[in-house]
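Each remark here refers to the structure printed beneath this line.
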C-alpha cells in the first residue's frame, strides 16, 4: 500500500501492542521538518536536546504515550565510519530519543556486510506490518513517502534484518562518533 491509501505512521504506532522497531540505514537525510535544527547545529555545534522544546515535544509525547501502553520501541542505525556530518547530528540528539523511551543502537556498516538488509529504511510493528520509508539519493522524501507491507515474507525479511543489526549493534551510551 502506498502512503495515499495506507495507514499513517501514527495509526500504525497507535495500533502496536508489543513492539515498534525502526531500522535506519542512510548516512544522510534531508527531511524538511529537521532542516532548521540541522542548520543551527552546523553553525553552532549545539543540538536542541530539550525534550520539551517545540522541535522535540511532539515526538517525545508520542513515544511516551506508546511506551506507557507497554510497547517497546527500538531504533537501530547502520552507519558508515567515519560517520557523516548528519550522523554526528543524529548522535548528538539521540539522547532525547532515549529519554523519550526508545532503546537506540548503532552498527558500523562494515559489520553488516553479511546481513540481508531491505532496500529501504523501515518501521516494523508487532511483526505484523512493515512501513518502508522512501527517500531520494539526497535524503529527501519521495512520493509516495512510504508504503506498508504485510506479506509474511516481507515481514520476515524486515524482522530478521532488524534482529541481526540489533544483536550486533552498540548501545547508544557506548557508541562514540
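In this entry, the chain is assigned a mean projected area of 9.8 nm², taken as a quarter of its C-alpha convex hull surface. The helix-only estimate of mean residue ellipticity at 222 nm for the chain, built from DSSP H runs of length n ≥ 4 each weighted as -39500 (n - 2.57), is -11000 deg cm²/dmol after division by the residue total. Plainly put, region 28-116 has a radius of gyration that is 1.00 times its Kirkwood radius, both from alpha-carbon atoms, as the Rg/Rh ratio.
Taking 0.36 nm per residue of separation and subtracting the Cα-Cα distance, full extension of the segment from residue 159 to residue 136 would add 5.9 nm.
Computed over region 1-74, the alpha-carbon pair-distance distribution with 10 angstrom bins reads 15, 36, 38, 10, 0, each value a whole percent.
Working out 0.36 nm times the residue gap between residue 17 and residue 67, then minus their Cα-Cα distance, what length gain in nm do you get to one decimal?
Additional length available on full extension: 17.0 nm.
I need to check one value: relative contact order of the chain, counting alpha carbon pairs closer than 8 Å and at least 6 residues apart, in percent.
31
Quick check: the distance between the Cα centres of region 1-78 and region 104-164, to the nearest angstrom? Here the two parts' Cα centres lie 15 Å apart. Across all Cα atoms of region 39-82, the radius of gyration (one decimal) and Dmax (whole number) stand at 14.2, 39 Å. Residues of region 93-116 falling in the label zone of residue 167, defined by backbone nitrogen less than 18 Å from a point 7 Å along Cα to beta-carbon, are 105-116.
Taken together, the values in this text are just the output of simple stated rules run on the coordinates, not laboratory data. On a predicted model such as this, the values are computed, not experimentally measured, just so you know. Positions of Cβ are generated from backbone atoms using ideal geometry, with glycine treated the same way; all protein chains shown enter the neighbour counts.
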